[in-house]
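What follows is one structure encoded as structure tokens, with my remarks underneath.
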Number of protein chains: 2
Amino acid sequence: MSTVFEVVSEPTRRHILDLLLQQPCSVGELVEQLDTSQPGTSKHLRVLRGAGLVRVHRDAQRRLYELAPEPLAEIDAWLGPYRMLWARRLDALERHLDGAS
Amino acid sequence: MSTVFEVVSEPTRRHILDLLLQQPCSVGELVEQLDTSQPGTSKHLRVLRGAGLVRVHRDAQRRLYELAPEPLAEIDAWLGPYRMLWARRLDALERHLDGAS
DNA sequence: GCAATATATTCCTTGCCAGTTATATAACTG
DNA sequence: CAGTTATATAACTGGCAAGGAATATATTGC
């Protein structure tokens, strides 16, 4: 679970990130939308924090989690070479134009 | 292990895909470069095939595996909204130009 | 059909991860 | 300070996935 790939392979964790995409949230707000228990949510948040994907700060008793998307760049970088390939396949036209570029 | 996210979260499987990025390979050729056993490699290939990430065809006793990158588009699509965010953070200049775009 | 090569599959074991329950910690309210 | 709310942590459990060893399947060439 040390790599960002493993961290985001978990559906609930992706869901958490998707929610934080809208706005920072407290743990309670996340639990409401996630149908996971509060401890379960806290543990996922811990993993996300360990990967640098979220950042926390206190707000009274609550803790507000906000998105820190930078580590996702590693996935994006890995995808790079493949992205060209599937684009080439999906766009049949490009094959015809291949010599003209 | 049903989602493409889970499938590519495994480092050896990503390595296999990276190798197939260069050219189609037989199982034996992959085993040489992977420091994994032959059965282990075959099992990873099975998972990759299940996810539609590789395609096989026979060549005598060998089986040639080739890349089928299309399912990776799902990951790319999920990354979409985040990509904008980290680009915005990494490029401080854009903040200044934000009003001018 | 037989030996050899290449690959897949099965069985077994081990370790890890997610979920649950219960409890601890911390901060605010009165 | 006592009670309440919010979150984290610990201990336990179940399941699943990866790895290894042995074996099965399939194809080739003789």
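Just so it is clear, none of the values below were taken in a lab; they were calculated from the coordinates. Note that this is a predicted model, so its numbers are computed, not measured. Glycine gets a Cβ as well: all are built from the backbone with ideal geometry, and neighbour counts include every protein chain shown.
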- Message: Within region B:14-26, does at least one residue satisfy the condition of being within 15 Å of the chain's Cα centre (by Cα) and of a type in the set (S, T, N, Q)?
- Response: yes
- Residue count for region B:47-63, restricted to those that are more than 14 Å from chain A (Cβ to nearest Cβ), aliphatic (A, V, I, L, M), more than 7 Å from DNA strand C (Cβ to nearest atom) and part of a strand (DSSP E or B): 0
- Query: For the subset of region B:6-34 comprising residues that are within 14 Å of DNA strand D (Cβ to nearest atom) and of a type in the set (Asp, Glu), which member is nearest to the other protein chains (Cβ to nearest Cβ)?
  - Reply: B:GLU6
- All conditions in (1) within 30 Å of A:ALA68 (Cα to Cα); (2) surrounded by fewer than 16 Cβ atoms within 10 Å (Cβ to Cβ) are true of B:ALA60 except (1)
- Message: Criterion first (among the aliphatic types (A, V, I, L, M), surrounded by 16 or more Cβ atoms within 10 Å (Cβ to Cβ), within 17 Å of B:SER9 (Cα to Cα) and in contact with a strand residue (DSSP E or B) (Cβ under 6 Å, 6 or more places away or on another chain)) does A:LEU48 satisfy it?
- Response: yes
- So A:GLU66, is it outside any strand (DSSP E or B), of a type in the set (Asp, Glu) and closer than 24 Å to B:ASP76 by Cα: no
- Query: Does B:SER42 satisfy the criteria of being more than 14 Å from chain A (Cβ to nearest Cβ) and either in contact (Cβ under 8 Å) with a residue 12 or more places away in the chain or crowded, with 16+ Cβ neighbours inside 10 Å (or both)?
  - Reply: yes
- Query: Which residues, taken from region B:1-46, are outside any helix (DSSP H, G or I) and either under 26 Å from A:MET1 (Cβ atoms) or more than 8 Å from DNA strand C (Cβ to nearest atom) (or both)?
  - Reply: B:MET1, B:SER2, B:THR3, B:SER9, B:GLU10, B:GLN23, B:PRO24, B:CYS25, B:ASP35, B:THR36, B:SER37
